[in-house]
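Trainee: One structure is given below, represented as structure tokens, and several questions about it will come after.
The values are calculated or read from the model by the stated rules, or taken from the named source; none is laboratory data. If you're wondering where the values come from, they're calculated on a predicted model, not measured in any experiment. Backbone-built Cβ (ideal geometry, glycine too); neighbour counts: all protein chains shown.
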Amino acid sequence: MLNNKSRFGMLSFKSMRHKGKLSKVITTSPKWQNLNTSTRYNLTRVPNGMSGRPDLVSQEAYNTPEYWWLICAINNISDPFEQLIAGKIIKLPVI
């Protein structure tokens, strides 16, 4: 259960069912909605061998796997195993 002491407590977000389980989607929070409109980005294709692996895409683009979450957030990816597919055009934020 999330509360105000949780790191996600400051965000308002919706729940959704994914593969039969209820999960929270932080990208539905109003605080995340400006990410797509206010962030500069480059377009690229997900390389072969990196399907479902935003950490590898982050490593390739930024020399660190730590920005996997940003790649998912700006591309509205809630399940990288199903939505991050080789050949798909995605946004890579300019950081």
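Trainee: Taking region 36-47 only, how many residues are part of a helix (DSSP H, G or I) and either at pLDDT 95 or above or surrounded by 14 or more Cβ atoms within 10 Å (Cβ to Cβ) (or both)? Steps first, please.
Mentor: Step one: filter region 36-47 for residues part of a helix (DSSP H, G or I), giving 36-38.
Subset that is either at pLDDT 95 or above or surrounded by 14 or more Cβ atoms within 10 Å (Cβ to Cβ) (or both): 36.
So the answer is 1.
Per-residue answers, yes or no, for (1) out of contact with any helix residue (DSSP H, G or I) (no Cβ under 9 Å at 6 or more places or on another chain); (2) of a type in the set (Gly, Ala, Ser):
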site	(1), (2)
ARG45	yes, no
GLY49	no, yes
GLY52	no, yes
ASP55	no, no
SER58	no, yes
ALA61	no, yes
TRP69	no, no
PRO80	no, no
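Trainee: Something else: Filtering region 48-90 down to residues that are in contact with a strand residue (DSSP E or B) (Cβ under 7 Å, 6 or more places away or on another chain) and among the polar types (S, T, N, Q), which residue is modelled with the highest pLDDT?
Mentor: Here the residue is ASN75.
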